[in-house]
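Bear in mind these aren't lab numbers, they're just calculated from the coordinates by the rules spelled out. On a predicted model such as this, the values are computed, not experimentally measured, just so you know.
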Amino acid sequence: MTLFRILIVLFASLWCSLASSESIPVSSGEHGDFSRLVFEGSGIQGWIYDQAENDYTIRFPNHRDGFKTQTVYKYIKNDRVKSFTTQNSNFRFQVGCECVVDIFEIGKTILVVDIKEIKDNPTKSNTAFIQIPRLP
């Protein structure tokens, strides 16, 4: 009976440690003119990011247990998010376009990354802009 109690305590402590160390799920979506990545979980708090040209790294210092990324390319193509790699608390991705990347939180457990392709620059195109005066 004592051995049974010891096994129950060991199993319960192992279960609790596994439950507290979960990978952050990363979901994605295509929204017409932008692609979106969503990180969800308590481990996102305190995130920081680095950028070098088309290479972005989001670091989650309070998280060490990796990411669930199996379905990232299920809903988006790899034209805006060209590739990504993960390592413990880092999610690194490369954009495959001239893009604007917007990163913001929703509440305390959701981090959103929007990747929007920059369309033609008006100064480089043949489009003329005319300012129409306001009527009283």
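Brief remarks follow.
- Stretching SER23 away from ILE106 to a fully extended chain increases their span by 28.0 nm, per 0.36 nm per residue minus the current alpha-carbon distance.
- Mean projection area, nm², convex hull over Cα of the range 48-111: 4.7
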